[in-house]
Every structure is written in structure tokens, then in C-alpha cells.
1. Hey, can you tell me all the residues within region 78-98 that are closer than 17 Å to residue 289 by Cα and either without any contact (Cβ under 8 Å) to a residue 60 or more places away in the chain or among the charged types (D, E, K, R) (or both)?
2. Inside region 151-171, can you point out the residues that are of a type outside the set (A, V, I, L, M, F, W, C) and within 18 Å of the chain's Cα centre (by Cα)?
3. With the requirement that a residue be surrounded by fewer than 22 Cβ atoms within 10 Å (Cβ to Cβ) and not aliphatic (A, V, I, L, M), what does region 207-222 give you?
4. Out of everything in region 166-206 that is surrounded by 21 or more Cβ atoms within 10 Å (Cβ to Cβ) and of a type in the set (Val, Ile, Thr), what residue ends up being nearest to residue 38 (Cα to Cα)?
5. Picking from 257, 225, which residue would you name as being within 20 Å of residue 134 (Cα to Cα), surrounded by 18 or more Cβ atoms within 10 Å (Cβ to Cβ) and either in contact (Cβ under 8 Å) with a residue 40 or more places away in the chain or more than 17 Å from the chain's Cα centre (by Cα) (or both)?
6. Tell me the residue from 69, 120, 79 that is part of a strand (DSSP E or B) and of a type in the set (Lys, Arg), please.
7. Looking at residue 27, is it touching a strand residue (DSSP E or B) at 6+ places or on another chain (Cβ under 8 Å) and part of a strand (DSSP E or B)?
8. Looking for whichever is in a strand (DSSP E or B) and either free of Cβ contacts under 8 Å to residues at least 12 places away in the same chain or more than 30 Å from residue 84 (Cα to Cα) (or both) here; the options are 178, 217. Which one fits?
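The values are calculated or read from the model by the stated rules, or taken from the named source; none is laboratory data. Keep in mind the model is a prediction, meaning the values are calculated, not measured. Glycine also receives a Cβ, built like all others from the backbone with ideal geometry; neighbour counts cover every protein chain displayed.
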Amino acid sequence: MITVAGFNTAIDRFIQVDALTPGEVHRVREEKVYPGGKGVHVAQTIAALGEHVRLVGPVDDAHQQFIARQMSARGVLFRGVEIEGELRQCLALQEAGGSITEVLGQGPQLNQLEQDDLLREFGRSAEKSDLVVLSGSLPRGFADNLYAGLIDYVRGLGKRCLVDASGEALRQAVNAKPFLVKPNRDEISALVGHPVINIEAAQMAVMALRERGIAMPVVTLGELGAVAADASGVWHAQLASARLRNAVGSGDCFLAGMAVAVKRDLPLEEALRLAVACGVANAESEETGFAERGKVDALLPNVSVRQIG
């Protein structure tokens, strides 16, 4: 079992318009609504890859049944902690040419009781799991050091912890030395204090994170693929695709692939192959944050993986 902490559940709206012009009225060509948030994306892709997964996150009364039904249909065991506020709303506006503009809602402020209930449910789930994933932004009310504390807690259980965060939460998480961190190029650039925009810079970054005690640091670089390191060395994986439709959530699907690979104790070369295939599978689909198993399997042979250090 893999536990995913998705503490900032959202409702994702994917809206297609002809062209987005500030200050103008727009007619929607098509609109779809999905359960969202990075934790949701990670969990449902883990399930698609055939692993048992439990998702812990907040849910409001208006969307409780909607999210529970969707997660059940995807094979995810959802442990929703009901909150008084409303879940955040996230919009992805896609123009006819393919460009996407995201508008991410702020989300509710969790009171102390809601925070305690969420952490209690997380603890119960983590104790029964083989692996734990901490993914996404923290809702208002939680301190930036929450992930760092949970990393220590998971380590005390004798379990491995994977983290995808940003800003101060990422900085403090790195200091707590989880098994894996997965910043993208913007997040790693902010963490190290200089631009990380190519493979060589990403290689230096993951080597530095290894020196700081992270067993398996990974940096995702969008169309340039991903660079990761472990005791076997530094590896780069990439899969070029001309069929990209919606790359939003691809990093989450990538992390899901890494989580499944870590649970199965795959070598880093194969872990990167699976993760990159998951990320591209999402980008080639319209839905945000979901990689279908069949599409992942079809892409796997096309992923290029090489050792670079």
C-alpha cells in the first residue's frame, strides 16, 4: 500500500476557448470538471499502474460524493476529512492553439480541529503503508515545516518518504532528508539560488542534493526530460512527443511512476523510464493529472535513458 498525502484537494475545471484576450468576453467551447490537486493526480495514476493506494485529504460537503465516486472508479481508497470551508477551484484555460493558462485558487483556511483530524487520518494510513508520498501545496493554517515533521514521523515508522513541494515547504523538507524529492526546474532554481535550465545544471543540482542526504533526488525539466541520482550514479531520461495536448499535472504523474518504481525496488534507470512515460502519457491526453496504463505501456519502449555521471 502507498499512502498519498494530498492536503490541498481542489476541483479542476478544464475550459477550452478559441483565444484568451484580457478584458474580453469569452465563449466556452468545452468544459470538463475533475477532482484535482497534486495528491489526487498522484494517487489515481499510482492506482492505474496497479498498486494499492490510499489518498488522505480534505473534502467539503458539496463535493464529498463527487470526489469519492471518482476516486473509487479509479481504484483509489479516499480518506476524506470533511472541512467547513470550500475546496479551492483551479482553472485551466486552453486556447485553440494549445497554450494553457492556469488560475489556481487559494483554498480554505483549516482550523485546528480540521488540521488535527487530517494528520490523525494520515498517521493511521502511513502506519499501514509501505511507502508515503507528500505532494502539493499546504492549505492555509499549516506551517511551512509540516512536511519536514511528517518526513521525520515516516522515517520513525521505518518507511520511505517521497516529497513534491515548493518554496519554503520544499526547503525545510530537504533539510529533513526524505528518501526522494522531485522539484521541477523552477523549484530547484529557487532552492539552489541560480537557474537550473539544462541537463548539466540539473546534474549538478541532484549531486548536491545527494550530498545533503537525499537518497534519490530528481529534477524534472519539462521537454528536456528528467535527471535523477542514487548510489548507482546520475541518470537522464527523455521522451520527445509531438502530440502534447495538456501538460498540466504531468509532474504529478511522473511522481506517481517514481513512487510505484520505488515500491517495486526497480533500479533508477527503470524508475525514470516508467516516470517519464507516465508524465508524457498525461501530456498527450486531455484530462489533467491522469496517466492511463495502456498509454504508459505503449510509451515505455520509446523512453531514452542514459547514465551521465
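1. Within region 78-98, 78, 88 qualify.
2. Going residue by residue through region 151-171, those that are of a type outside the set (A, V, I, L, M, F, W, C) are 152-153, 155-156, 158-160, 164, 166-168, 171.
Matches in region 151-171: 160, 164, 166, 167, 168, 171.
3. 210, 211, 212, 213, 222
4. 181
5. 257
6. 79
7. no
8. Result: 217 is the single residue among 178, 217 that is in a strand (DSSP E or B) and either free of Cβ contacts under 8 Å to residues at least 12 places away in the same chain or more than 30 Å from residue 84 (Cα to Cα) (or both).
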